[in-house]
Each structure stands twice: as structure tokens, then as C-alpha cells.
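Worksheet for the structure shown next.
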Amino acid sequence: MSKNVLVVVERRDGILRNVSFEVLTAAQQMTNGGEVIAVVFGQGNQDEAQQLAQHGADKVYIATNEELNAYSTDAFSQALTEVVQTVKPDVILVGHTAMGRDLAPRVAARLGLGLISDCTGVEVNGEEIVFIRPVYAGKLFQKKKVKEGIIFASIRPNNIVKGEPNAQRTANVIETQVTITDIRTIIKDVVKKTTGKLDLTEAKIIVSGGRGVKSAEGFNQLYELAEVLGAAVGASRAACDAGYCDYAMQVGQTGKVVTPDLYIACGISGAVQHLAGMSNSKIIVAINKDPEAPIFRVADYSIVGDLFEVVPLLIEEFKKV
Ligand code: FAD
């Protein structure tokens, strides 16, 4: 049986997030001849619709209402619920981002659905869709499928390789005003905490610092290395607790979960709670002066040494490339 797959599209600073294209790629595998319907909230535009079509959307559904111009839990959950009731998809997919983590459980509860959250992979065998998700802080992976009813899942960013855009593809664009009532929160202003120019959860390279960096000034070297590599900067909780950097940069079980191509851990011991947030990185480089540091057990490249000597050397060498 064919399946219509609804993909909840996310923007950041007015730009479509990479994770939305990854989710569209996953959605395309699931249709079995059905349609991929991308839903955009707030004002849509032709350029966005074209990008979504090129990445796999057959239809672009723009749900408009002035309450949807900035994310709020109340407005978006009402809007998505209405869209699901109108479109009647067989599968709903969202990115497992801060927005997706807030929105998906609420909408699932409103619609009386289950939710398979934080999936890192999808296997499609004909009609069967199996979602793979980590458990026990990434130590094990479980496979889940929905036996009956609407399938609802959130997909972790940076785990599904987004397909190449197909310039020939076009999509039907449907614009609809949705009803939003009973708003308990009004967004008056958005004050951003920044982790640098790049979004940590979508960065391909992350330079991360721990307690071993010793001070906020010590992080300046990491920012410099990140600048040279085009990387984002992350941190351990100990570094955030010590005030070396902002909590928005924390990677780990209670921070952000990241899966970059390259993760460079500087002065981080490798506590299980930190590993929970980064051990699925494709290549891990660890710099630590303690040869017994647990981070070396997950590292692909281990540099035993003083980060204050190693990082400047890396900056010097990478500048030559
Ligand atoms: P440390 O463990 O103190 O390690 C510092 C490392 O720096 C050491 O290995 C040392 O050898 C090395 N070092 C020192 N000087 C140098 C130098 N000059 N050059 C090279 N290496 C040097 N932690 C997280 O990171 N993220 C989380 O989300 C998180 N959530 C948690 C949730 C709970 C419920 C709990 C209980 C803890 C959580 N933690 C989390 C904390 C975690 O247990 C660790 O305490 C923390 O990760 C340690 O951070 P660290 O590696 O920077 O510090």
C-alpha cells in the first residue's frame, strides 16, 4: 500500500534547516508510490517551495497565520494538528531538533498517537518501515516499527545523508490559513544565545573544549582553530559549569547531541554523559595529556599531549592547507 508522508519543515533565521532536507530524503524512501508532503509554517515563498520540491516534496503545504511567524509551542502544535487532520498522512516526520522535541510529543498526544523519537536511521523493506534509535546513552540501538495507525517519528540531524537536489522536480503548492486560538504565550522578542556562526547540531566539524581548557581565555584558541576549519565550538558540562563558555555550547546527555564528520575533543576526559552527545561522530580526535583518559577509547586519533601546545600547532598547520 502506498503511503503519504508529511514532513514538518523547519527554518532558522528564515533559512530552511539542513535537517529538513535529510528528513525529506528519508520520507522519499517510505512512500511506496505515495506522496511526500512538506508542511511549512508562516509565510512561504516560491524559492523555498522550489528547494523542497528539488529535495523530494511532491506537495508543499503552507500553513499560514500571523501566530506562526515565530515558533511557539501553542501555535505550532495547533497548526500541525489541523494540518494532520486535513492531509491525513500515513507517516509524519520531524527533525529531532529543539523545535521537533517540543512539538512532536504534544501533537502526538493531541492526536492520540505514539511517537518514535530521536531516530538515527530508517530501514524500508517494501511496506515495512523500521526506525533505529539509540538507547542507554548510545550504548545500544533498538529497532522500532508501528503495527497500525499513523507512524510518527523524529529524526536526529546529521544521520541521514540528504539526497542531491533534482533541479527538474516541481511541487504543487497549497496555501491554507489555519485556525489558532487560545494562545497562552506571546513571543515579544527573541534574545539569542550564540554558539558562534555555525549551528552546533548541524556542523560538519566541531572543536570542543573541556575543563582542561582551564579558562574562558583558553577557549580563544579553540575559537581560532574552529575559524580556520570552518567549525562550530562545543564544550563539556564541566567547562560550562566553570563559566568558560555558555551552556548553549554544551554537548552531551543533558546538552546537545551532535554527529559531525569530525569532532576534536580538547581537554575532555570522556565521561559517559559527554560521550552520549558525541560518540556517533564519524571521526573523533582527542587531545588529552592523560594517556588513560576514557575519551581515547572512542577516539579514532589520539593525541597525548598538552592542548596548549597541540592546538596552536594544528592552527599553524591547517592555515597552510
Ligand atoms: P574532566 O573530567 O575534569 O576532564 C578534564 C580533562 O582535561 C582530563 O582528562 C585532563 O587529563 C584533561 N586536561 C587537563 N589539562 C589538560 C591540558 N593542558 N591538555 C590536555 N588535556 C588536559 N557532561 C557533559 O560534558 N555533557 C553533559 O551533557 C553532561 N550531562 C550530565 C548529566 C548528569 C546527570 C551528570 C551527573 C553529569 C553530566 N555531565 C555531563 C558531567 C560529566 O559527568 C563530567 O563531569 C564532565 O563531562 C567532565 O567534563 P570534562 O571532561 O571537561 O572535565
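The values are calculated or read from the model by the stated rules, or taken from the named source; none is laboratory data. Because the structure is a prediction, the values reported are computed rather than measured. Quick reminder, even Gly has a Cβ in these numbers, built from the backbone with ideal geometry, and neighbours come from all protein chains shown.
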Give me the residue from region 169-220 that is farther than 27 Å from GLY270 by Cβ and of a type in the set (S, T, N, Q) and, out of that set, modelled with the lowest pLDDT.
THR185
Sole residue being in contact with a helix residue (DSSP H, G or I) (Cβ under 6 Å, 6 or more places away or on another chain) and aliphatic (A, V, I, L, M), chosen from ALA153, ALA137
ALA137
Please specify each residue of region 286-301 satisfying the condition of being in a helix (DSSP H, G or I) and either more than 9 Å from the ligand (Cβ to nearest atom) or of a type in the set (Phe, Trp, Tyr) (or both).
PHE296, ARG297, VAL298
Per the filter on region 231-256, residues near the ligand (Cβ under 9 Å from one of its atoms), hydrophobic (A, V, I, L, M, F, W, C) and surrounded by fewer than 24 Cβ atoms within 10 Å (Cβ to Cβ) are ALA238, CYS240, ALA242
Tell me yes or no: at least one residue of region 53-61 is surrounded by fewer than 20 Cβ atoms within 10 Å (Cβ to Cβ), outside any helix (DSSP H, G or I) and of a type in the set (S, T, N, Q).
no
Regarding GLY163, is this residue within 16 Å of the ligand (Cβ to nearest atom) and modelled with pLDDT of 90 or more?
no
Hits in region 305-321 (condition: assigned to a loop (DSSP other than H, G, I, E, B) and either within 13 Å of the ligand (Cβ to nearest atom) or within 16 Å of SER208 (Cβ to Cβ) (or both))
GLY305, ASP306
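Let's see how each residue does on (1) near the ligand (Cβ under 7 Å from one of its atoms); (2) in contact (Cβ under 8 Å) with a residue 12 or more places away in the chain; (3) of a type in the set (A, V, I, L, M, F, W, C):
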{"residue": "GLN221", "(1), (2), (3)": "no, yes, no"}
{"residue": "SER269", "(1), (2), (3)": "yes, yes, no"}
{"residue": "ASN280", "(1), (2), (3)": "no, yes, no"}
{"residue": "ILE284", "(1), (2), (3)": "no, yes, yes"}
{"residue": "ILE303", "(1), (2), (3)": "no, yes, yes"}
Any residue in region 238-264 that's assigned by the TED database to the domain that holds VAL135 and more than 13 Å from SER215 (Cβ to Cβ): show its pairings with residues that are modelled with pLDDT under 95 and within 10 Å of the ligand (Cβ to nearest atom) at Cβ separation under 9 Å, as long as the two are six or more apart or on different chains.
none
